[in-house]
Amino acid sequence: MDAGSMNSSSNYKSNSRGPLQEQFIQRKSSRENFDRFIPNRSAMDMGYAQSMLTESRTGKENPAISSPSREAYQRKLAEALNMNRTRILAFKNKPPAPVDLYPKDFFSSQTQDKPAKPRRHIPQTSERTLDAPDLVDDYYLNLLDWGSANVLAIALANTVYLWDASTGSTSELETFDDETGPVTSVSWAPDGRHIAIGLNNSEVQLWDSTATKQLRTLRGCHSSRVGSLAWNNNILSTGGMDGCIVNNDVRVRSHIVETYRGHEQEVCGLKWSASGQQLASGGNDNLLHIWDRSVASSQSSTQWLHRLEDHTAAVKALAWCPFQSNLLASGGGGGDRCIKFWNTHTGACLNSVDTGSQVCSLLWNKNERELLSSHGFTQNQLTLWKYPSMVKMAELTGHTSRVLYMAQSPDGCTVASAAGDETLRFWNVFGVPEVAKPAPKAHSEPFAHMNRIR
């Protein structure tokens, strides 16, 4: 082959390989000159891309080319190769509506059924004030009690007076001589008819208030004055200055049933729990004891359930919670000034609040989670607390001396307070009594509301 033909052949080969070689060279240079994450347009087959973009329109724009068999084949091919791109991020059908777990008017109906409770108005002044001349100003005594028959008993020096809250009438029950008196404590029995009276000579007398008659005298319990009394059905517990607590069964001749010894000084606070199982006692020795009848009766009389020593002054104010059986509130004297809350099952102190003044008495609200406390110097006020936050709801002032005694009416709404200023005041602090709802019939017969079944 001559040189010309060889040259032409070599030129042909070089020209025929040119595009691929050129593409290779450019692709190589693109790696050298461009970032590898940026596409290179020269490496793209624009013709193929144009064909893919226009292929979907050929069926509509050129109906003569397409045929039913061709369209069917393309559909099958697309399904087999998962090329049905119209399904991407699209629902086949409309999604079902979400199912509500509650009806739309469920919450609105509940708010309508239970409207917001209006805030109770708490009068800041006493509803009534009575004179109480010769009221003994002694922190360790308990001279006021309100019975279940709606009669208030108050001891003024040597005399016990009864004030009937229903009629507003006052009567004198008994005046004791100087050798026996003065009266150091009063407490109504659960029946609201019989009353126990503790005396300065260590005796306790039982009276029938309706007949104005003395029934019996309990002797031999104490060696000095009886400053605290507490009833538990037929058992009358007495606390004396001698530090002893005596349980008396008033139905039998030998009335002394048990004697608890744990206080070293005068017992000034005594309260039974609503269940009648536990007795709380506070003393001038700054001690608070919890006595359990089963523990004390099965073991020694000195075996208390809990001996609580957190108070730093005399413990007189005691109140069992009406809505939690094992919750007890206690108040300390002038050197302590605290209200403490106790779990009487475990003996744990749940909370302690410094009130700023001597705590003389405590009362729970029977209808709401509230606690009322009476105080001494400097304000001589009654303070209403919200439990358990212990936020002050109201402070009731009017007494000019320490508010030593408080008693609660049978309906739980009115509180009577007696102070060293020799006045007896009545406060409508706990609101109006709620109307009792009729109890539902238990174990009602099926179809009891129907006259007959047909």
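The values are calculated or read from the model by the stated rules, or taken from the named source; none is laboratory data. Note that the coordinates shown come from a computational prediction; the quantities given were computed from them, not determined experimentally. No Cβ is skipped: glycine too gets one built from the backbone with ideal geometry, and neighbour counts run over all protein chains shown. All accessible areas refer to the heavy atoms of the entire protein, side chains included, with ligands and DNA or RNA removed. Shrake-Rupley method; radii C 1.70, N 1.55, O 1.52, S 1.80 Å.
The protection proxy used here, the mean number of other Cβ atoms lying within 10 Å of each residue, ranks peptides 369-380, 220-231 as follows, highest first: 220-231, 369-380. Between region 292-363 and region 394-416, how far is it from one alpha carbon centroid to the other, in angstrom? Distance between centres, Cα-based: 21 Å.
Within region 251-328, which GluC sites (Glu not before Pro) sit in a loop by DSSP and count at most 13 neighbouring Cβ atoms inside 10 Å?
Qualifying residues, ordered by number: Glu264, Glu309.
For the listed residue pairs Lys340/Lys366; Lys271/Lys392; Lys316/Lys340, the alpha carbons are over 21 angstrom apart in Lys271/Lys392. The share of accessible area on region 128-427 that comes from carbon and sulfur is 43 percent, using a 1.4 angstrom probe.
Take 277-285, 399-407, 69-77 and order them by the average number of nearby Cβ atoms within 10 Å per residue, most first; the result is 277-285, 399-407, 69-77. Its relative contact order, with pairs defined as Cα atoms under 8 Å and 6+ residues apart, puts region 128-427 at 12 percent.
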